[in-house]
Every structure is written in structure tokens, then in C-alpha cells.
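Chemist: Structure below; questions to follow.
Just so you know, all these numbers are worked out from the coordinates, no wet-lab data involved. Keep in mind that what you see is a predicted model, and the values were worked out from it rather than measured. Virtual Cβ from ideal backbone geometry, glycine too; neighbours counted across all protein chains shown.
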Amino acid sequence: MDFRINRSFKIRTTLPRPETSLRSVAERVPQAEAFAAKIIVRWRPVWMTLYSARRRVATGAVVLLTVWLFLHVMFGANGMVVYRQKQAEYNALRIEIDGLQQENGRYGQQIKALQTDSRSIEKEAREQLHYARPGEVVYVTPAPMNPPIPATNEMRK
């Protein structure tokens, strides 16, 4: 069996030659030049206006960029306004932590005193549990009454 293809020469003859493609492009060059000249003539006034105003356009762009950058730095998600709020919150929390640490230290001293000192144990028993030694009388003042809470906003004023 013979599997050779004898039609290869026909395929070669049907493909265009490179010279013909180049000739067709070269023939259309004057039309392309005319089209380019037409576009250049039409857009020349626009380009000349932009070219003459280039400094104003550049200055305006720089000013817009500067304003945007200023607004972003001041009022953005991590801007100065938010930073100052966070700083004030941090300072308030630091003061609260210091107060709580001092209170914790006082409670620690009170616990240590109650574990070791008999006078502090007696003092707490007298004050909180109203204990008394034989022959002593304990006077307890009643707790102050809270005024009633007004029911409406007009009464609160």
C-alpha cells in the first residue's frame, strides 16, 4: 500500500506568495497616510490646547492630589482624628488601670492584715457584723432613703 500524498504541490500553489501581500500593503499606504493626516488635522487644536495648558493641568493635578492626601491623612480610617481618639481612650484606660491596681494593693494589704493582725480582725467584726464586747452598746443608724425616681421626662427636669 502506498500512503503518500501527491497533492502537496496543489496546496503550495494555493497559498499567496509573500510578495503579493507586501504589494497589497504598499498599495494602501497612501490611503493610510491620508487617513492619519485627516485625524491629525482634526485633533491638532485639542492637542495644542492641552499642550499650552499643561502647566495649569499639572498644577491642578498636584493640588487635587495634595488635597486628597491631606483629607486621607486627617480623616481616613487610620487618620489623625481617629489616632487622637484612640490616644485619649488609651490614656483614660491607663488611668483606670492605675486606679484599679492601687485598689488591688489596698485590698492585698487588708487581706494580709486580716490574716496576721488581731486588731484589724476585731475592727472588721465590729464594723460589718456589729459585734460588741460584753457591756458595750451598738448604735446603728438607718440607711438613707433614696428619693423616688420620676416616671416622666418632665418630672426629671
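Chemist: Just check the range 74-156 against the gyration tensor rule for me: Cα atoms, a ≥ b ≥ c as the square roots of the eigenvalues, rounded for a/c under 1.5, and otherwise prolate or oblate depending on whether a/b exceeds b/c.
Modeler: Numbers: a/c = 8.31, a/b = 1.62, b/c = 5.13.
Judged from the Cα gyration tensor, the range 74-156 comes out oblate (a/c at least 1.5, b/c at or above a/b).
Chemist: Further question on the same structure: Using alpha carbons only, how many angstrom separate the centre of the range 109-155 from the centre of the range 36-62?
Modeler: 88
Chemist: Right, something else. Length gain on complete extension for the stretch ILE95 to TRP68, per 0.36 nm per residue less the alpha carbon to alpha carbon distance?
Modeler: Working: separation 27, 0.36 × 27 = 9.72 nm, distance 3.67 nm.
Stretched fully, the ILE95-TRP68 segment lengthens by 6.1 nm.
Chemist: Which of these values of log10 I(q)/I(0) by the Debye sum over Cα atoms at q = 0.09, 0.14, 0.20 Å⁻¹ was calculated from the structure shown: (1) -0.27, -0.67, -1.44; (2) -0.82, -1.04, -1.25; (3) -0.87, -1.10, -1.24?
Modeler: Working out log10 I(q)/I(0) by the Debye sum over Cα atoms at q = 0.09, 0.14, 0.20 Å⁻¹ from the coordinates points to (3).
Chemist: Shifting gears a bit: Can you tell me which of THR141, THR59, THR116 moves the most in a GNM of the chain? Springs connect C-alpha atoms under 10 Å apart.
Modeler: In the Gaussian network model the winner is THR141.
Chemist: Report, in deg cm²/dmol and to the nearest 500, the calculated mean residue ellipticity at 222 nm for the chain, where each DSSP H run with n ≥ 4 adds -39500 (n - 2.57) and the sum is divided by the residue count. Write out the running numbers ahead of the final one.
Modeler: On the way: 7 runs with 116 residues, N = 157.
Mean residue ellipticity, 222 nm, calculated: -24500 deg cm²/dmol.
Chemist: Under 10 Å, Cα contacts only: if you run a Gaussian network model on the chain, which one of MET80, MET48, MET145 comes out with the highest mean-square fluctuation?
Modeler: MET145
Chemist: Another question, if that's okay. Which of the listed residues, GLY60, TYR107, GLY76, is farthest toward the dipole's positive end in the range 16-114, when Lys, Arg count +1 and Asp, Glu count -1 at the beta-carbon?
Modeler: The residue sitting farthest along the positive end of the dipole is GLY60.
Chemist: Taking the Cα centre of the chain as the origin and placing charges on Cβ (Lys, Arg +1; Asp, Glu -1), which of THR116, ALA34, GLY135 is farthest toward the positive end of the dipole?
Modeler: Of the listed residues, the answer is ALA34.
Chemist: So if a site counts as exposed when it's one of the chymotrypsin sites (Phe, Trp or Tyr not before Pro), its DSSP state isn't H, G, I, E or B, and it has at most 15 other Cβ atoms within 10 Å, what's the longest stretch of the chain without one?
Modeler: 4-130
Chemist: SER24 to MET48: FRET efficiency via 1/(1 + (r/R0)^6), r the Cβ-Cβ distance, R0 25 Å, to the nearest 0.05?
Modeler: Working: r = 36 Å, r/R0 = 1.44.
Approximately 0.10, to the nearest 0.05.
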